[in-house]
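Some notes on the structure that comes next.
The values are calculated or read from the model by the stated rules, or taken from the named source; none is laboratory data. As the structure is a prediction and not an experimental result, all values here were calculated from the model. Positions of Cβ are generated from backbone atoms using ideal geometry, with glycine treated the same way; all protein chains shown enter the neighbour counts.
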Amino acid sequence: MTEDGRLSPFRDAGEDIAEASAVPPSAQSLSPAYRLAFADPDFMLREELRPVRLQLELLKPELAMTELGIKSTVVLFGGSRVPSPETLGRARSPAQAALAPHYDEARRFAALVTARSIAAGGREHVIVTGGGPGVMEAGNRGAAEAGGISIGLNIVLPHEQAPNPWVTPELCFNFHYFAIRKMHFLLRARAVAIFPGGFGTFDELFESLTLIQTRRMRRIPVLLFGAAFWQRMVDWQGLEEAGVIDPGDLSLIRFVETAEEAMAAIDAAEAGGAGA
């Protein structure tokens, strides 16, 4: 280890960025070609550099979570448009307003998970959400109100891209690639709780189920909050009757209504070594 605490004996890249910026201006030093490659945004954003950007986007959150000792997570998926108590008056329809109790339940569920996490050292079963409004905000909010940390995996969008204020700042990440973001949701997951939502929530639900169904990841509980919503939106039995899924595939999901039911399902799964 070097005197400044680094493992490598080689010169620090940050030092070179600082020194390169102090070089006297000239036709040569001001040329884009002269920029250090890793400090050149024009170069890093080239089409050919996409594989490098994918790798960096995978690596940055992974290093941060590893350094903070995050061992396992509980994932909350759900709609950004589910109203909170503060935004209920701006609901676009009575049907949307009727989703408000799911915000409260997500908040309670996250608080229960986090309280248990804190009792075990605060690095297992850490709440992770998409970092935005709605159900995502409820999850981070419940974790913060319980006195714990939580993760937010935000993504740059034309709207709703700002992280909610309840995400632990050092665990608040921003993504360009949906695929890498979704991988991070599941890398440490011990359970997935899914509340009512739209296209994004359905995408996250079915990707999780596909990975478990095809044994690309180990089985974990997939908990659907609000049976009435999910059974109306998806003809689960019809999928089985049509033969496009196996009969046993429906056992990969479990409908729950309350935070306590979800906690009991997670406990049962971990005690039995199975998923739902």
Checklist entry - Which of the residues that make up the stretch 82-103 are among the hydrophobic types (A, V, I, L, M, F, W, C), under 11 Å from GLY134 (Cα atoms) and part of a loop (DSSP other than H, G, I, E, B)? => result VAL82, LEU99
Checklist entry - Looking only at the stretch 219-246, which residues are aliphatic (A, V, I, L, M), over 18 Å from PHE109 (Cα atoms) and in a loop (DSSP other than H, G, I, E, B)? => result VAL234, ALA242, VAL244, ILE245
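Filter the stretch 5-25 for residues that are within 34 Å of the chain's Cα centre (by Cα) and charged (D, E, K, R) and give the result. Step through it out loud before you land on a result.
First pass over the stretch 5-25, keeping only residues within 34 Å of the chain's Cα centre (by Cα): 5-8, 12-15, 17.
Across the stretch 5-25, the qualifying residues are ARG6, ASP12, GLU15.
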Checklist outcome for this item: Per the filter on the stretch 209-231, residues touching a residue at least 24 places away in the same chain (Cβ under 8 Å) and either crowded, with 20+ Cβ neighbours inside 10 Å or over 16 Å from LEU252 (Cβ atoms) (or both) are ILE212, ILE220, PRO221, VAL222, LEU223, LEU224, PHE225, GLY226, PHE229
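Name the residue that is surrounded by the fewest Cβ atoms within 10 Å (Cβ to Cβ), counting only residues in the stretch 247-276 that are assigned to a loop (DSSP other than H, G, I, E, B) and at pLDDT 95 or above.
Among those residues, the one meeting the criterion is THR258.
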Next on the checklist: Restricting to the stretch 37-81, name every residue that is out of contact with any helix residue (DSSP H, G or I) (no Cβ under 6 Å at 6 or more places or on another chain) and not in a helix (DSSP H, G or I).
Outcome noted: ASP40, LEU45, ARG46, LEU68, GLY69, ILE70, LYS71, SER72, THR73, SER80, ARG81
